[in-house]
Structures are given as structure tokens and as C-alpha cells.
Amino acid sequence: MRMKLFSVAIGSLLTAAAAPSLAHHSFAAEFDANRPVQLEGTVTKMDWINPHSWIHIDVTTSSGEVQKWMVEGGAPNALIRNGWNRNSVVPGTKVHVEGFQAKDRTFRASGRDITLENGTSLFMGQGGAAAPSAE
């Protein structure tokens, strides 16, 4: 009986410890490789958080509607290794983002490349086996 109780306790601890890693998703679980997006807009906020960074962009459509997009990038450490710093995309920065829209068709995307107004191009760190490669 003690051994069974011990096994159940260990199993519960291992399950609880694994829970945070289950929240991390793959590209294919959330984004649609068949829905590429190109967004032109103005950065309103940059979240340097783990496990993925987020760039918030206001995109104005041809009809004048302002869409508030959230574009997921790699972890902050991955962005830094790709040449980013905390001042790369401050609020007010005009950007062109290429990526893939969320499967639920909301204004969320997985970002691949971002081009700044001055022509600087940065990789957003969102790759992975299921993400389409840049052609």
C-alpha cells in the first residue's frame, strides 16, 4: 500500500511539473501555413516575455478600419541572438511583417520576418519544423 501511495504521489508531482511545458505550443498547433500574411502598420507595444515575444501592431486597412494585430516572435533570447535589442521596435515604429495567421482567423500571427522603415530586416525567430521556409 505504501509503495502504491508513493507511486501515485510521484506521478502527481511529475504531472504538475510538466504542466508549464504543455502550455508551449508548436507552430502547426496554432498557426496556418496556408494563410500567409503581410502586415504594414505601426508598433504600439513590444512584449519581451517567455516563451514567445509579442509585437502589437495597428494595421489600417484600405477602408480605414484599424486592426489590432498581435504577432508572435521567438523568445527574447532568440531575438537578441538574431540582432534585436530592446529599442529595435519601440512604439511608433512603422513595420512590414511577414508571417502566418492564426488558425482561428483572429488578428494574431506567427511572425517570420520584420522590415523596419529604414530597410533593416530582422528575423523574428519563429521557425520550427512545421513553419514554412522562406522562399
(request) Would you mind telling me which numbered condition in (1) at pLDDT below 95; (2) open to solvent by less than 50 Å² (accessible area, probe 1.4 Å); (3) out of contact with any helix residue (DSSP H, G or I) (no Cβ under 6 Å at 6 or more places or on another chain) P51 fails? (result) (2)
(message) Show the residue pairs meeting these rules: Cβ distance below 6 Å; 6+ apart or different chains; first residue within region 26-42 and closer than 29 Å to E117 by Cβ; second residue of a type in the set (A, V, I, L, M, F, W, C) and open to solvent by 40 Å² or more (accessible area, probe 1.4 Å).
(response) F27/A130
(request) Would you check which residues across region 108-123 are open to solvent by 50 Å² or more (accessible area, probe 1.4 Å) and under 14 Å from Q38 (Cβ atoms) and list them? (result) S121
(message) Restricting to region 29-44, name every residue that is open to solvent by 50 Å² or more (accessible area, probe 1.4 Å) and closer than 17 Å to L122 by Cα.
(response) Q38, E40
(request) Within region 43-55, count every residue that is closer than 16 Å to N87 by Cβ and in contact with a strand residue (DSSP E or B) (Cβ under 8 Å, 6 or more places away or on another chain). (result) 7
(request) For region 19-48, name all the residues that are of a type outside the set (G, A, S) and at pLDDT below 90. (result) P20, L22, H24, H25, F27, E30
(message) Take V95 and tell me if it is surrounded by 12 or more Cβ atoms within 10 Å (Cβ to Cβ), in a loop (DSSP other than H, G, I, E, B) and more than 12 Å from the chain's Cα centre (by Cα).
(response) no
(request) Would you mind stating whether L122 is in contact with a His (Cβ under 8 Å, 6 or more places away or on another chain), among the hydrophobic types (A, V, I, L, M, F, W, C), outside any loop (DSSP other than H, G, I, E, B) and touching a residue at least 24 places away in the same chain (Cβ under 8 Å)? (result) no
(message) Let me confirm something: among D58, D104, which residue is farther than 24 Å from A28 by Cβ and open to solvent by 30 Å² or more (accessible area, probe 1.4 Å)?
(response) D58
(message) Of all residues being open to solvent by 20 Å² or more (accessible area, probe 1.4 Å) and in contact (Cβ under 8 Å) with a residue 40 or more places away in the chain in region 61-77, which is farthest from the chain's Cα centre (by Cα)? Just the residue, please.
(response) Q67
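The values are calculated or read from the model by the stated rules, or taken from the named source; none is laboratory data. Note that the structure is a prediction, hence the values are computed from the model and not measured. Here Cβ is always computed from backbone atoms with ideal geometry, including for glycine, and neighbour counts include all displayed protein chains. Keep in mind that these areas ignore ligands, DNA and RNA; they rest on the heavy atoms of the full protein, side chains included. Shrake-Rupley method; radii C 1.70, N 1.55, O 1.52, S 1.80 Å.
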